[in-house]
Amino acid sequence: MSLGNSPEDERPFEDDREEARPSIGRALQQARIAAGLTVDDVSSATRVRIAIVHAIEADDFDPCGGDVYARGHIRTLAKAVRLDPAPLLAQYDDDHGGRPAPTPAAPLFEAERIRPERRGPNWTAAMVAAIVAVVGFVGFTAFSGGDDDGGKTQVAEGSKPSTSKNASPTPKNDKPEDTEPAPSDSAIAAAPQDKVTVQVSAADGKSWISAKDHNGRSLFDGLLKQGESKTFQDSQKVNLVLGDAGAIQLYVNGKKIDEDWQPGAVERLTYTKGDPQVG
């Protein structure tokens, strides 16, 4: 009786044929190396994390998070290394109990998207804040309006301002040489003995003027138009800067200051209770 192996015994086992076929991870790894790509290259091209690429090449599909995601990663990596994904997917289905049933509206991830979407700026909130700010500003302006009237007289230390204007201005060439603008009654009346009172009149044209009290606090800083006048009071002294002294007529403590200032000349003046004398 022969004890040799029968032809059936000499055929390769089924498991031997299975071992001749490389695993999914091994096939992907060999194709990647043949393509001259690193794991970093594949991760950058597919946006699949490096750790997952390493796990798949080691035939560990647990980090994928399920069969649907694993199949999507296999397809993506196969395309990146120039392999046909169909045989690998069929092999995966054979190894894992068949192809999973399709889930309605379940996206197949071609790559793992781990970057959150940026949200744009909240323009609605910004517009609401801007509207509230504008409404508040308009309301404040309407409530406190009228306080910045440039034609009003400003007076130091809370005294009521007195405003006076000369007669309708006439061109300088048409005014008689001996005619001088007279001080207003309010300027003379507002000249108490314990204060210094200075009236500035733009008799011959407009001029920028600046007036400060003895503490350096600004009483006025702006343009005085022709025909306008302002009166300033302080307990000790008034400091003036005249941008065009030739256009200005001054009355200090109710008395006219006779100075032959040239047109366009800038003058810095200080007056006290004992004037009219230039300080």
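The values are calculated or read from the model by the stated rules, or taken from the named source; none is laboratory data. Bear in mind that the values here come from a model prediction, so they are computed numbers and not experimental data. No Cβ is skipped: glycine too gets one built from the backbone with ideal geometry, and neighbour counts run over all protein chains shown. Accessible surface is based on the protein model in full, side chains and every heavy atom, while ligands, DNA and RNA are left aside. Shrake-Rupley method; radii C 1.70, N 1.55, O 1.52, S 1.80 Å.
Here are a few things to note about the model shown:
- Every test in (1) of a type outside the set (Lys, Arg); (2) open to solvent by 50 Å² or more (accessible area, probe 1.4 Å); (3) at pLDDT below 70 is passed by Pro181 save one, and that test is (2).
- Count of the stretch 47-88 residues which are of a type in the set (Gly, Ala, Ser), without any contact (Cβ under 8 Å) to a residue 12 or more places away in the chain, loosely packed, with under 15 Cβ neighbours inside 10 Å and under 18 Å from Pro22 (Cβ atoms): 1
- Within the stretch 35-46, if we keep just the residues that are in a helix (DSSP H, G or I) and without any contact (Cβ under 8 Å) to a residue 24 or more places away in the chain, the residue that is nearest to Arg71 (Cα to Cα) turns out to be Ser43.
- Residues that are touching a helix residue (DSSP H, G or I) at 6+ places or on another chain (Cβ under 8 Å) and in a loop (DSSP other than H, G, I, E, B) were ranked within the stretch 204-222; the one that is surrounded by the most Cβ atoms within 10 Å (Cβ to Cβ) is Asp213.
- Residue selected from the stretch 223-247 under the condition of a type in the set (A, V, I, L, M) and in contact with a Phe, Trp or Tyr (Cβ under 7 Å, 6 or more places away or on another chain), by the criterion surrounded by the fewest Cβ atoms within 10 Å (Cβ to Cβ): Leu223
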